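To keep things clear, I will list the structure first and then write my remarks on it.
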Amino acid sequence: MNTNAITSTSGESQKTDKVGPPLWLLCELTYRCPLHCVFCYNPVNFDSVNNELDTDGWLRVLNESRALGSVQCGFSGGEPLLRDDLEVLVAEAHKLGFYTNLLTSGVGLTESRMSKLKQAGLDHVQLSFQDSTKELNDFLSHTKTFDLKHKVAKIIADHEIPMVLNCVIHRLNIDYIENIIEMAIELGAEALELANTQFYSWAKVNQEHLLPSRDQLERAERITNEYREKYADKLRIIFVVPDYYETRPKKCMNGWGNVFLTISPDGTALPCHTAAMLPGADFPSVAEHSIEEIWYNSEGFNRFRGDSWMKEPCRSCPEKENDLGGCRCQAYMMAGDPAAADPVCDKSSDHHKVQAVVTKAQLPNGQHVSEHPLIFRDAKSSKKLEKENVVF
């Protein structure tokens with residue numbers, strides 16, 4: 001983190017008509033979490049972040065973001081319920097006019113806490129499951145939480161809070177996708193997000209174990225579409241295809257610094273939750289700068305806005321407005337250059353690296369991975385990966 005990463009020297013906002021406000025604010029309140037998921041999107045060095053913003057710091061973030069034009073606020077982690085001040089923050093966000101969303105594993109969401117959060121004005125809950133069976137759910141999170149999650153889902157329903165179930169999909173659970181959908185219907189979810197693993201952070205570390213085969217993916221899509229038709233009036237199903245099976249990348253966070261603003265637990269402001277890995281980009285702290293200064297003037301947020309930063313083949317590509325070059329973190333991880341074309345694109349000179357990973361994923365189970373086992377998200381693994389200079 002560089003707390004001096006503001007390009008303006010006048011101290012005044014350099015707001016332009018081309019840059020709108022950060023409509024979606026994600027408050028990552030803590031990296032602490034009772035789960036140890038093998039696909040966690042928290043950075044692999046999460047254990048080195050121990051200076052969380054205090055309550056006053058988060059209240060200032062909420063007030064400044066709302067004043068700038070933010071309308072939706074998500075509280076996530078780690079596990080946000082580990083923050084004793086969560087109700088205070090939800091109440092402030094509600095008072096300011098935010099639509100509030102809690103992204104949680106469910107651990108700590110008791111009847112009493114749910115009542116307090118509803119009273120504070122919480123609008124929505126996204127509850128994560130790892131699978132539809134106790135055995136695999138608890139294995140993937142390295143905890144015994146499956147039964148607890150079912151109890152929490154009932155608590156949420158009893159309080160009449162809209163609920164989305166989120167289940168990260170990957171090679172180890174994709175074959176049970178119909179069971180996951182049935183579980184969502186049974187629990188009364190209004191929506192189910194089947195988010196195929198995107199390979200950053202811990203998912204990148206465990207990529208060989210997690211990337212499904214093409215046959216698995218096509219079967220899962222077919223089943224999902226069948227359920228969409230059958231239960232269109234009961235459940236909205238979102239199915240996100242993994243980038244590696246595309247020939248064009250997705251528009252990263254709907255465009256770098258266009259819509260999304262993430263504040264990490266220590267107050268570092270980021271255009272997406274994994275951007276801190278990028279070398280050479282300076283991301284300021286809300287402890288040193290206002291949200292307005294950060295959003296409009298900081299080097300980190302302006303670095304990949306628009307298309308002037310693009311290299312070939314993106315610079316002259318007639319499709320560049322569709323994806324704005326794709327994901328900068330993916331470009332860095334696979335091409336070694338955050339300004340390179342996203343290697344998912346088949347116009348990229350590094351696309352063969354994606355193809356190699358996909359080709360390996362087509363091998364039968366047991367042949368598609370090297371000797372290393374799954375690495376669970378925990379402090380010991382975090383220290384080991386940081387020592388090995390793994391930066392995902």
Checklist outcome for this item: Shape call for the stretch 233-280, from the Cα gyration tensor axes a ≥ b ≥ c (a/c under 1.5 means rounded, otherwise prolate when a/b beats b/c, else oblate), comes out oblate
Item to check | Cα→Cβ-extended label distance, 7 Å offset, between residue 160 and residue 71, nm | outcome: 2.5
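Determine, from the Cβ-Cβ distance of residue 134 and residue 311 and an R0 of 56 Å, the FRET efficiency 1/(1 + (r/R0)^6), rounded to the nearest 0.05.
Working: r = 49 Å, r/R0 = 0.87.
It comes to 0.70.
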Checklist entry - For the pair residue 288 and residue 367, what calculated FRET efficiency results from E = 1/(1 + (r/R0)^6), where r is the Cβ-Cβ distance and R0 = 35 Å, to the nearest 0.05? => result 0.10
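How many Å³ per residue does the convex hull of the Cα positions in the stretch 103-225 occupy? The partial results should precede the final answer.
Values: hull volume 13.0 nm³, N = 123.
Looking at the stretch 103-225, the number lands at 105 Å³ per residue.
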Item to check | Helix-only mean residue ellipticity at 222 nm for the chain, each DSSP H run of n ≥ 4 adding -39500 (n - 2.57), per residue, nearest 500 | outcome: -9500 deg cm²/dmol
Item to check | Percent of C-alpha pairs per 10 Å bin, the stretch 147-280, short to long | outcome: 10, 32, 34, 21, 2
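Would you mind telling me the antiparallel percentage of the DSSP bridges in the chain, rounded to 5?
Numbers: 4 of 37 bridges.
Restricted to the chain, the bridges split so that about 10 percent are antiparallel.
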Checklist outcome for this item: Inter-part gap, Cα centre of the stretch 298-326 to Cα centre of the stretch 60-123, in whole angstrom, is 34
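How large a share of the accessible area of the chain, in percent, is made up of carbon and sulfur atoms when the probe is 1.4 Å and the other protein chains stay in place?
On the way: 8480 of 16910 Å².
C and S fraction of accessible area: 50 percent.
Which of rounded, prolate or oblate describes the stretch 263-392 when judged by the alpha-carbon gyration tensor and an a/c cut-off of 1.5?
Details: a/c = 2.92, a/b = 1.19, b/c = 2.46.
Note, shape of the stretch 263-392 comes out oblate.
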Checklist entry - Magnitude of the Cβ-charge dipole of the stretch 244-312, K/R +1 and D/E -1, about the Cα centre, nearest 20 debye? => result 380
Checklist entry - Could you state the principal axis extents of the C-alpha atoms in the stretch 342-392, from the largest down, to the nearest angstrom? => result 39, 28, 14
Checklist outcome for this item: For residue 54 and residue 319, extending 7 Å from Cα along the Cα-Cβ vector and measuring point to point gives, in nm, a value of 5.1
Next on the checklist: Of the listed values (1) 58, 53, 44; (2) 64, 53, 46; (3) 146, 51, 32, identify the label whose number matches Cα extents along the principal axes in Å calculated from this model.
Outcome noted: (1)
Item to check | Karplus-derived 3J(HN,Hα), 6.51/-1.76/1.60, for each residue of the stretch 252-258, Hz, glycine and proline x | outcome: 4, 6, 6, x, 4, x, 9
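The values are calculated or read from the model by the stated rules, or taken from the named source; none is laboratory data. These numbers were taken from a predicted model, which means no experiment stands behind them. All Cβ positions, glycine included, derive from the backbone under ideal geometry; neighbour counts span all protein chains shown. Side chains included, ligands, DNA and RNA excluded: accessible areas come from the protein's heavy atoms. Shrake-Rupley method; radii C 1.70, N 1.55, O 1.52, S 1.80 Å.
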